[in-house]
Amino acid sequence: MRSSNPVFSRRGFSRDGGYAGFGAAPQAGGPAAAQGNPYAGGNPYAQPQAPTNPYAVGDQQNLTPDQLQQMYGAPPAGPLQTGRMTMDDVVMRTGMTLGTVIIAAAAAWILDLPVAVGFGAALVAMVLGLVQSFKRKASPALIMSYALFEGLFLGVISQVYNERWSGIPMQAVLGTMAVFVGVLAAYKTRLIRVNARFQRFVLGAAIGFLLLMSVNLLFAAFGGGDGLGFRSGGLGIVFGIVGVVLGAAFLALDFKQVEDGVRYGAPREESWLAAFGLTLSLVWIYLELLRLISIFRD
């Protein structure tokens, strides 16, 4: 599992404000620059224009009346006919991915899998997530496999926490749902404005956070205890809150990715990447809340 949402390092926001790998490069100007993405020069999903129009006025003289009636009388093609991403696609794929996580977590809980199996599943999920992050195209099989192994890990780790702090997994689930709804409301009302500065700040903060957590893990592994104390006591509370805030910020980036994908006509398979990013962010928030609530319970 990658804590800083790998979708955006490869497939999400690129340094120039567009999307890496989504169609052609943005054009510098045009209607999309004025009305679309506030930090992209144009439509990141734009496709090259056809060199000629087969239905140009001059060519209509060669068409029969039936062909003209068919051309002008047919309803316009929608996203389903053109193979473009819709909000329904994102909702459906996200439901499938999160549903797999929940079912696998419930199975791991009921079967009372050993802790070693849970951490092995976490390692497999991390590898699968990284592979998908560096692929140029979405792989539904990889994403669903990641969800399966991530769910097994969450089921095992949740049971471990529940044995020591009864009821804490449900509290973390409710907290995760509250964060999701709160960020979505703030994004829709534009209290959160996702632009290039916001994206750079979030990525920089996430890198710094991960480095500190890695150092703390090394000290804990070789020195015992909680390492530098970033996961217990007052510092643990501070870093737990920072972790939740970072997860919420990545949710906002996910929402922006979905909005731009639907607006600019991203290919339908990009909805799998949107579901992947949302799942990563929600899993990250859940784990941070699990640790944070356990510190408060102590």
Confirm whether Gly227 is modelled with pLDDT of 90 or more and over 16 Å from Leu280 (Cα atoms). no
Number of the exception - Leu152 against (1) at pLDDT 90 or above; (2) surrounded by fewer than 20 Cβ atoms within 10 Å (Cβ to Cβ): (2)
Among the listed residues Ala275, Ala248, identify the single one that is closer than 26 Å to Met170 by Cα, in contact with a Lys or Arg (Cβ under 6 Å, 6 or more places away or on another chain) and assigned to a helix (DSSP H, G or I). Ala275
Look at Ile285 and say whether it is in contact with a Ser or Thr (Cβ under 9 Å, 6 or more places away or on another chain) and surrounded by fewer than 24 Cβ atoms within 10 Å (Cβ to Cβ). no
Could you say whether any residue in the stretch 230-242 is of a type in the set (Phe, Trp, Tyr), modelled with pLDDT under 90, open to solvent by 40 Å² or more (accessible area, probe 1.4 Å) and not in a loop (DSSP other than H, G, I, E, B)? no
Got at least one residue in the stretch 161-180 being surrounded by 15 or more Cβ atoms within 10 Å (Cβ to Cβ) and touching a strand residue (DSSP E or B) at 6+ places or on another chain (Cβ under 6 Å)? no
Check the stretch 159-179 and report whether any residue there is acidic (Asp, Glu) and farther than 24 Å from Glu259 by Cβ. yes
Count, please, the residues in the stretch 123-142 that happen to be β-branched (Val, Ile, Thr) and in contact with a Leu (Cβ under 7 Å, 6 or more places away or on another chain). 1
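The values are calculated or read from the model by the stated rules, or taken from the named source; none is laboratory data. Since this is a predicted model, take the numbers as computed values, not measurements. Ideal geometry is used to build each Cβ from the backbone, glycine not excepted, and the neighbour counts take in all protein chains shown. Heavy atoms of the whole protein, side chains included, go into the accessibility calculation; ligands, DNA and RNA do not. Shrake-Rupley method; radii C 1.70, N 1.55, O 1.52, S 1.80 Å.
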